[in-house]
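Single-structure report; data block below.
Laboratory data are not the source of any read-out in this text; all were calculated from the coordinates shown. Every value quoted in this text rests on a predicted model; they were computed, and no experiment measured them. When we count neighbours, we look across all protein chains shown, and the Cβ atoms used for this are built from the backbone with ideal geometry, even at glycine.
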Amino acid sequence: MSKKANPRRVAETEAMAYARAIKVSARKLNLVAESIRGKSANAALAELDFSKRRIARDVKKVLQAAIANAENNHQLDVDRLYVREASVGRAFGLKRFTARGRGRAARIEKYYSNLTVIVREREEAAAKQEQA
């Protein structure tokens, strides 16, 4: 009588982590996410460590969560992981008003965004070729 288990959204050699409602616009978050796409997990962590952008700390937390999911939940090799996908989407915008001259008001939107990071285990041949 119980519900059927949901199928996995990612492949067997992949792990995923996401963060919702991050207080930054999607355009700014995508600049940081773009810098780690396709890189090995260690290189991506190093990139985020030395990034000057404030949001890089949150992206690093999500990447570390994806690596931990891969290691603990799916028994993947951490040394062979790379960032397969780092996708950014808009969440919602809070509409606020600020006072302007002559009794008028102007609308300000405070944007939030979502981040999804998928890490994947490299194949043996590709891992050896990358280290060489």
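Observations on the model:
- Looking only at region 1-21, residues that are within 21 Å of Asp58 (Cβ to Cβ) and touching a helix residue (DSSP H, G or I) at 6+ places or on another chain (Cβ under 9 Å) come to 5 in all.
- Whenever a residue of region 23-39 is in contact (Cβ under 8 Å) with a residue 12 or more places away in the chain and more than 10 Å from Ile55 (Cα to Cα), its partners that are in a helix (DSSP H, G or I) and of a type in the set (D, E, K, R), lying with C-beta atoms within less than 8 angstrom and at least six residues away or across chains, give the pairs Ser35/Glu47; Ile36/Glu47; Lys39/Glu47.
- Where a residue in region 99-125 is under 24 Å from Asn30 (Cβ atoms) and free of Cβ contacts under 8 Å to residues at least 60 places away in the same chain and its partner, wherever it lies, is of a type in the set (Val, Ile, Thr) and surrounded by fewer than 18 Cβ atoms within 10 Å (Cβ to Cβ), with Cβ under 6 Å and at least six apart: Ile108/Thr98
- On the stretch given as region 22-40, residues that are closer than 16 Å to Leu63 by Cβ and part of a helix (DSSP H, G or I) total 8.
- Unique residue being touching a residue at least 12 places away in the same chain (Cβ under 8 Å), assigned to a helix (DSSP H, G or I) and surrounded by fewer than 17 Cβ atoms within 10 Å (Cβ to Cβ) when the list is Gln64, Gln129: Gln64
- Residues of region 1-21 satisfying the condition of being over 15 Å from the mean Cα position of the chain (by Cα) and either part of a strand (DSSP E or B) or free of Cβ contacts under 8 Å to residues at least 40 places away in the same chain (or both): Met1, Ser2, Lys3, Lys4, Ala5, Asn6, Pro7, Arg8, Arg9
- Pick from region 11-58, criterion polar (S, T, N, Q) and in contact with a strand residue (DSSP E or B) (Cβ under 7 Å, 6 or more places away or on another chain), ranking: farthest from Arg122 (Cα to Cα): Ser25
- Hits in region 47-64 (condition: in contact with a Lys or Arg (Cβ under 9 Å, 6 or more places away or on another chain) and of a type in the set (A, V, I, L, M, F, W, C)): Leu48, Ile55, Val59
- Taken over region 67-98, the criterion of being touching a residue at least 60 places away in the same chain (Cβ under 8 Å) and more than 17 Å from Glu47 (Cα to Cα) is satisfied by His74, Leu76, Val88, Gly89, Arg90, Ala91, Phe92.
- A residue that is surrounded by 15 or more Cβ atoms within 10 Å (Cβ to Cβ) and assigned to a loop (DSSP other than H, G, I, E, B) occurs nowhere in region 86-107.
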